[in-house]
Amino acid sequence: MEIKELYPAIYMLVIVGLLVGVAVLTFDKFGVAVKDETIITDELQTITGGAATLTNDDVIDITELRNQTVTMHTSEYNWTTAGVITTNHTWPELNATYTYDKDTKATTFMTAGSTAVGDIGVTWMSLIVTVLVLGVILVLTLRAFSNKGR
């Protein structure tokens with residue numbers, strides 16, 4: 001086997017890698033795009049240590065935080081997309097109205113596909129590449145020391 005005979009195998013590996021990478025990115029982007037924007041009104045939350053966690057994650061916006069009589073101003077609290085609200089108020093409870101991206105069946109399917117392919121990459125890809133490189137080195141070494149053509 002000569003070096004020029006290795007090019008088709010290398011090209012095939014690169015093309016397969018590119019296709020797998022594009023598929024994973026497409027799954028991920030499509031899974032995010034098909035989420036349903038859902039509004040939750042007056043979800044009761046308990047504040048512990050100045051923080052509360054909403055039932056849902058992927059929060060897009062918090063419209064209102066209030067207790068029975070007073071509505072908090074947006075400068076009085078912070079929130080994350082994971083649904084964690086922090087505040088300096090000492091209220092024991094609050095009602096939250098917010099919007100979040102709800103997972104759909106398509107989102108779940110796409111996430112599962114991305115995760116499965118990602119696991120293959122993490123678990124097996126380095127081993128496959130190592131074996132291929134060692135095989136190429138072995139073939140080239142055997143060719144260099146063989147008596148063919150002399």
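Only the coordinates and a few stated rules stand behind these numbers; no lab work does. Quantities reported herein were computed from a predicted structural model and do not represent experimental measurements. Every residue, glycine among them, receives a Cβ derived from its backbone with ideal geometry; neighbour counts consider all protein chains shown.
Before moving on, here are some points about what is shown:
- Test item: Cα-centred dipole of the stretch 36-102, Lys/Arg +1 and Asp/Glu -1 on Cβ, debye: 280
- Simple spin-label estimate for LEU6 and THR74 in nanometres, 7 Å along Cα-Cβ: 5.9
- Farthest toward the positive end of the dipole of the chain, out of PHE109, THR46, TRP91, is the Cα of PHE109, where the dipole comes from beta carbon charges about the Cα centre.
- Net charge, THR104 excluded, C-beta distance under 13 Å - Lys, Arg +1, Asp, Glu -1: -2
- Partner aspartates and glutamates for LYS105 [C-alpha distance under 18 Å; skip if fewer than 8 residues away on the same chain]: ASP28, ASP36, GLU37, ASP57, ASP58
- Theoretical FRET efficiency, 1/(1+(r/R0)^6), r = Cβ-Cβ of ASP28 and MET125, R0 25 Å, to 0.05: 0.90
- Modelled this way, with points 7 Å down the Cα-to-C-beta line, the labels at VAL16 and THR115 are 2.6 nm from one another.
- Taking the Cα centre of the chain as origin and assigning +1 to Lys and Arg Cβ atoms and -1 to Asp and Glu Cβ atoms, the resulting dipole is close to 1320 debye.
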